[in-house]
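The numbers here are math on the coordinates, done by the rules we state, and not lab data. All values reported here derive from a predicted model rather than from experimental measurement. Neighbour counts run over all protein chains shown; Cβ positions are idealised from the backbone, glycine included.
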Amino acid sequence: MTDVEGPAYVPGHGLLKGRTAVITAAAGAGIGGATARRFLEEGARVLISDAHARRLKEYEGELAAEFEGVAALACDVTDEAQVQALFDAAQRLHGRLDIVVNNAGLGGTSDLVDMTDEQWSRVLDVTLNGTFRCTRAVLRAMRESGGGGVIVNNASVVGWRAQAGQAHYAAAKAGVMALTRCAAMEAAEYGVRVNAVSPSLAMHPHLVKVTSPELLEELTEREAFGRYAEPWEVANVIVFLASGYSSYMTGEVVSVSSQHA
C-alpha cells in the first residue's frame, strides 16, 4: 500500500500503573487489540472483550504469555444482558473500574440509495447503540463506587467529513461524538471523564477484508505522511486520554489523523 517508513514503537512508561480497564472489540490486530497491549505495557490490568469468542481466547493467551493481569470475556455489545454481565464481571474481578475503552464498531460500504434497513440498523446498533449501552453500564458502576474514572470512545473522522458509501457508519460515528460530549457533561459531577479519539486511517486485517484496494490507496493518499496509521499509534492517544496527563479534558474528540487540512 505504501513504502513510507513508519515510526519506531514507543515503549511503556507506567502511565496506567495500578489501573483497571475494560476494552471492547479487543481480539486481534486492530485498534482494540493494540490498546489492550499498550495498556498492559503501561501497567494496567485489563479485561478484554469481543463478540468473537475464539479469537478473543487466542488473543488472551497471547497477551497472558507476556503480561500479568489479563482476563477475557466474550460480549456482543448489541445484547444488553451481555453488556451488563461484562461490567459485573469486571467489578468482581478488580473491585472497581478505572478505565473503559468503547472500541466496538461495525463498518461496510454501501451507497445510500441501495442500502437496506438491515444494513443501516446493524451498523448503528453495534457502533452507536453498543457504545451507549456500555457507557450507560460503566457510568452506573462508577457512580455507585463513589465516582472517578475515564471512558474513551472510538469515533472516526467520517463523523466530520463526507465519504461516499459511508452514510450509516458516518451517522453512527457522529452519534458517538455527540454521545461523548453529552455523557461528559453528565458524568463530570461524579468525577468521570469521557473523551473520544477520531482516527482517519488505521490499517488492520479486518479493514483490508471489507475495503477495496483502490479505496485504501485513495484514503492513504489523503494522509500528509503518505501512509496509514499503525493501530498502536491510535492506542497511544487512547493511553493519553486514559492517563493523568489529560486530567482537565472531558467531552473532547481528538483527531488522530494526518489528513491534509
Quick note on Arg96, Arg54, Arg38, ordering by fewest other C-beta atoms within 10 Å, gives Arg54, Arg96, Arg38
Give the order of Ser255, Ser156 when sorted by the count of other beta carbons within 10 angstrom, beginning with the fewest.
Ser255, Ser156
Sum of -39500 (n - 2.57) over DSSP H runs of 4+, divided by residues of the chain (222 nm, nearest 500)
-13000 deg cm²/dmol
Cα extents of the chain along the principal axes, largest first, in whole Å, come to 48, 41, 38
Using a 10 Å cut-off on Cβ atoms, rank the peptides 181-190, 120-129 from the highest mean neighbour count down.
120-129, 181-190
Based on the Cβ-Cβ distance of Trp120 and Leu93, what FRET efficiency does E = 1/(1 + (r/R0)^6) give at R0 = 45 Å, to the nearest 0.05?
0.80
For the chain, which DSSP H helices look membrane-span-like by this rule: Cα extent along the axis of 18 Å or more and mean Kyte-Doolittle of at least -0.5?
80-94, 130-144, 167-187
To the nearest 0.05, how large is the calculated FRET efficiency for Met249 and Arg140 if R₀ is 25 Å and r is the Cβ-Cβ distance?
0.65
Net lengthening on full extension, Met185/Lys57 (0.36 nm per residue, minus Cα-Cα)
42.5 nm
By how many nm would the segment from Ala81 to His13 lengthen if fully extended, with 0.36 nm per residue of separation less the alpha-carbon distance?
20.8 nm
